[in-house]
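Inspection log for the structure reproduced underneath, given as structure tokens.
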Amino acid sequence: MTLIKSISGIRGTIGGKTGDNLTPVDVVKFAAAYGTVLKKKTATPKVVIGRDARPSGEMVSSLVTATLQGLGIDVVDLGLSTTPTVEMAVPWENAAGGIILTASHNPVQWNALKLLNEKGEFISAQDGEELLKIAEAEGFDFAAVTKLGSYVKKDEYLKKHIDAILALPLIDVDAVAGKGYRVVVDAVCSTGGTAVPMLLKAMGVEVKELHCEPTGHFPHNPEPLPEHLTDIIREIQKGKYDLGIVVDPDVDRLALVGEDGTPFGEEYTLVAVADYVLSKKKGNTVSNLSSTRALRDVTEKAGGQYSAAAVGEVNVVTMMKDVHAVIGGEGNGGVIYPDLHYGRDALVGIALFLTHLAKSDTTVSRLRAKYPAYIISKNKIELTPGINVDKVLEEVQKKYKNQPINTIDGVKIEFDKEWVHLRKSNTEPIIRIYAESDLEAKADNLARKIISDIKEIIS
């Protein structure tokens, strides 16, 4: 079963049986439920939609558009776009919400409906729960023929998005252009292949395009992890490049590669960008519980306060607003810069990083070396379905009660500058165990120690 329904949207594999996969029937049902939620808030809603380049995108977009029009909702279609561009277009259009048609880093057979509110941010848990109930009951009331929604296609928003980035006070286009940077871009044959080169060229950067034709046929696993960056690493090692840039299909995650072909580390994308922002603007930062401690170190060194949120972009954004963070995001390469908008945005991350690099007058590898070195060990332990995972986590918490513990999302235990984070899966009987230390062996040992504790508890 590959249809995953959550409060923030619906995703699944294309084809198959209704209710088990993301079929046309399921797309229509959830688009109708979303539109119904919006119509309860405003009599004449407008929705902005946009999609990544995957082959199912056009079909899914047509289904969503027709369904919303059938509810009497006006649709503004950005066509091939990026997640952050759609997020910014929602308030620019004074729309009631937005839908991004993308499965993000998932393989080509997947697609999804990511649902936004009137601010261009992910919908609340309350709205999400209401949507799921409406979808389950299929309680839709479609419009009469005289009240069908309108449709318009607009292609100017990507440029508007980039113009807004370049207008930010912390972006120094002249400093970047003056360096004469040569950059390789791997956009995994999706919409980043249009967006990223457009931004770089506007900043005076020479661009080598790799997998930038938006065919939607991903040339490698689209998640920007080090093991999937072999193509761009080979290209960098062949020529004199200053930087490699990799984005996922919807351009909300950013991975970097140094001039020597060494991955910068997606955990450190946010760290480097935050370092630059904090050098110009004092304030606080936020990332999720499973992200590197390096952000906390950089923040405290700059005189700010670091806060950890539950995993999930909506949780990070909520805490960022609560603590008035000047920068935040997630360790998966997701940069959230509130001066632009509250959403993960690889494009603003690129512009901030390049400005930081130019003003530091150094290489990418040397810049990376200045940050605290941490390694995260990612593990999981499978449990039999009858085991009470919550009870297991409670017992682990009791065992380490003398250590600093955070329980807003599973259990995170701190050991000086090391930590371990345990979270239960919502879809299968496993516990995810992430551990971080300054050496890989130490992180692995810490994870193994906690796994041993869990096995002892359930034995």
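Values in this text are rule-based calculations from the coordinates and carry no lab data. Quantities reported herein were computed from a predicted structural model and do not represent experimental measurements. With ideal geometry, Cβ positions are generated from the backbone for all residues, glycine too; neighbour counts draw on all protein chains shown.
Just a few scattered comments:
- 5 angstrom amide H check on Gly334, placed H, neighbours 5+ away: Leu254
- Prolate/oblate/rounded label for the range 1-140 (Cα gyration tensor, a/c 1.5): oblate
- Cβ crowding within 10 Å ranks Lys160, Lys147 as Lys147, Lys160, fewest other Cβ atoms first.
- Label-point separation in nm, Asp361 to Lys153, each point 7 Å along Cα→Cβ: 5.0 nm
- Exposure proxy order (Cβ contacts within 10 Å, fewest to most) of Glu235, Glu436, Glu138: Glu138, Glu235, Glu436
- The range 334-385 and the range 184-255 have their alpha-carbon centroids 16 Å apart.
- The relative contact order of the range 1-126 comes to 29 percent, based on Cα pairs under 8 Å that sit 6 or more residues apart.
- Peptides 216-227, 63-74, 180-191, ordered by how many other C-beta atoms sit within 10 Å of their residues on average, highest first, read 180-191, 63-74, 216-227.
- Mean residue ellipticity (222 nm) of the chain, computed from DSSP H runs ≥ 4 via -39,500 (n - 2.57), nearest 500: -11500 deg cm²/dmol
- Cleavage-rule hits, trypsin sites (Lys or Arg not before Pro), the range 394-423, DSSP coil, Cβ neighbours within 10 Å at most 10: Lys401
- Which of Phe30, Thr42, Leu225, positive extreme of dipole for the chain (C-beta unit charges): Thr42
- Those trypsin sites (Lys or Arg not before Pro) in the range 273-377 that DSSP places in a loop and that have at most 12 other beta carbons within 10 Å: Lys282, Lys370
- Equivalent ellipsoid semi-axes, the range 190-301, via Cα gyration tensor eigenvalues times 5, rooted, Å: 26, 16, 15
- FRET efficiency, 1/(1 + (r/R0)^6) with R0 25 Å, evaluated for Thr42 and Glu138 via beta carbons: 0.70
- Derived scalar couplings ³J(HN,Hα) [the range 84-92; Karplus, 6.51 cos²θ - 1.76 cosθ + 1.60; whole Hz; x for Gly, Pro]: x, 5, 4, 4, 6, 5, 4, x, 4
- When Leu254, Leu393 are arranged by Cβ crowding within 10 Å, least crowded first, meaning fewest neighbours, the order is Leu393, Leu254.
- Legend: calculated FRET efficiency, Asp174 to Glu209, from the Cβ-Cβ distance at R0 = 25 Å, rounded to 0.05, equals 0.55.
- Nearest-0.05 FRET efficiency for Asp297 and Thr384, computed from C-beta distance (R0 51 Å): 0.80
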